[in-house]
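Input: a single structure, listed below in structure tokens.
The values are calculated or read from the model by the stated rules, or taken from the named source; none is laboratory data. Nothing here was measured: the structure is a model prediction, and the numbers come from that model. Positions of Cβ are generated from backbone atoms using ideal geometry, with glycine treated the same way; all protein chains shown enter the neighbour counts.
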Amino acid sequence: MKKNTLKLVVYVLLGICSVSVKANQVMQAGLYFSLQHFSKSQLLYTQTLLQPEIEILPFYPEMSENLPILVSGFDNAQHYLKHFKNSRANSVLVMGVDIHQVKKLQMLVCAEPLNVCDKWRFINNQASPQRIHQLIKHFFADKKVTSAYLDQSVAEVWKPELNNVVWYQNNAENLKPFYVIKRALEGADAFVILPDENLFNASIGRVVLQYMFQNKTISIGYSAGTFQAGSAIASYADYPNTLLAVKYLLLNPDKAKNYQYACYQDYYVNQKVLDAMQLSIDSSALNQLAEELNLQCYTE
């Protein structure tokens with residue numbers, strides 16, 4: 001089954017199984033864009049994927065404060081806060097943000113004079129630790145998988161889930177980020193890249209990935225950005241998958257947490273990278289694993 005076909009199946013299941021909205025009752029929600037980020041195509045796409053249960057309206061200042069507001073991305077969320085933070089009491093669901101962006105936004109919405117933490121929800125579209133754990137469990141169980149970190153707060157999220165990974169950190173030696181990763185790569189078959197901006201960022205990311213490529217170490221990325229930069233495998237939620245999570249959480253507000261990963265995610269394989277490294281992975285089995293995990297989303 002192709003990924004897009006699975007998403008259509010899941011949309012149908014969500015529409016059938018949702019019990020929070022009465023039959024024939026349509027929920028409304030606003031979609032916010034700043035002027036410089038407005039996208040008619042994204043608006044139409046969002047409206048199409050969330051209907052018929054949810055009617056998406058383009059945000060306007062006079063919109064009812066009883067309607068939830070969807071905001072896509074960090075820049076739009078910042079713009080909304082700048083222009084409407086003192087004048088609106090809507091609940092806000094921000095999608096497509098990473099953990100670092102969430103922390104920045106939470107500092108703004110949770111501080112005085114706003115103090116509206118209870119009205120803001122955030123969906124991280126990057127790989128969840130659970131998805132990477134399942135990837136390692138099914139495809140690298142007999143391999144040496146390593147990772148490294150400098151940011152202790154990142155490690156506290158990832159280490160409990162990735163108990164089958166060998167961990168490295170910068171201790172008293174005060175090594176530069178590249179050399180921390182280089183040490184972690186010694187004898188490794190695969191390396192898990194973490195969302196640790198102190199260790200893996202734009203300035204050294206491609207250098208690190210090139211070094212892994214030269215050493216024939218499979219790089220496991222956590223986002224579309226790491227995949228596009230050259231990681232061999234990655235997991236993340238694209239926009240349709242993120243909207244699946246949005247739809248469920250809007251129709252089931254009692255299940256919404258202040259911060260959570262998009263449950264629906266796919267695995268992506270950079271076949272050219274693997275071919276050049278003379279390595280392989282069963283893409284069909286990887287897609288099947290993603291489908292099985294996606295069908296388990298929000299089933300409790």
In region 177-192, what residues are closer than 11 Å to Met212 by Cα and either among the polar types (S, T, N, Q) or part of a loop (DSSP other than H, G, I, E, B) (or both)?
Leu185, Glu186, Ala188, Asp189
Which of the following residues is among the polar types (S, T, N, Q), more than 21 Å from the chain's Cα centre (by Cα), surrounded by fewer than 18 Cβ atoms within 10 Å (Cβ to Cβ) and assigned by TED's automatic domain parsing to the domain that holds Lys216: Asn198, Asn164?
Asn164
Would you please name the residue that is surrounded by the fewest Cβ atoms within 10 Å (Cβ to Cβ), looking only at residues in region 265-300 that are acidic (Asp, Glu) and within 17 Å of the chain's Cα centre (by Cα)?
Glu291
Taking into account only those residues within region 14-41 that are within 23 Å of Asp266 (Cβ to Cβ) and in contact with a helix residue (DSSP H, G or I) (Cβ under 8 Å, 6 or more places away or on another chain), which is modelled with the lowest pLDDT?
Ser18
Filter region 136-154 for residues that are assigned to a helix (DSSP H, G or I), under 23 Å from Asn201 (Cβ atoms) and either β-branched (Val, Ile, Thr) or in contact (Cβ under 8 Å) with a residue 40 or more places away in the chain (or both) and give the result.
Val154
Among Tyr248, Tyr211, the single one that is hydroxyl-bearing (Ser, Thr, Tyr) and more than 20 Å from the chain's Cα centre (by Cα) is Tyr211
Candidates Leu50, Leu44, filtered to the one that is surrounded by 15 or more Cβ atoms within 10 Å (Cβ to Cβ) and either without any contact (Cβ under 8 Å) to a residue 60 or more places away in the chain or under 20 Å from Leu250 (Cβ atoms) (or both)
Leu50
Kindly establish whether Ile69 is touching a strand residue (DSSP E or B) at 6+ places or on another chain (Cβ under 6 Å), in contact (Cβ under 8 Å) with a residue 40 or more places away in the chain and β-branched (Val, Ile, Thr).
yes
Whichever residue in region 67-84 is more than 22 Å from the chain's Cα centre (by Cα) and farther than 16 Å from Arg121 by Cβ and, among such residues, is surrounded by the most Cβ atoms within 10 Å (Cβ to Cβ):
Phe84
Condition first: surrounded by fewer than 18 Cβ atoms within 10 Å (Cβ to Cβ) and assigned to a helix (DSSP H, G or I). Now tell me which residues in region 245-260 satisfy that.
Pro253, Asp254, Lys255
Among the residues that make up region 194-205, is at least one of them in contact (Cβ under 8 Å) with a residue 12 or more places away in the chain, farther than 17 Å from Ser147 by Cβ and either among the polar types (S, T, N, Q) or not in a strand (DSSP E or B) (or both)?
no
Any idea which residue in region 113-135 is farthest from Asn201 (Cα to Cα), counting only those that are at pLDDT below 95 and basic (Lys, Arg)?
Lys119
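State all residues of region 168-193 that are within 20 Å of Gln126 (Cβ to Cβ) and at pLDDT below 95; if no residue qualifies, say none.
Listed by number, the residues that qualify are Pro177, Ile181.
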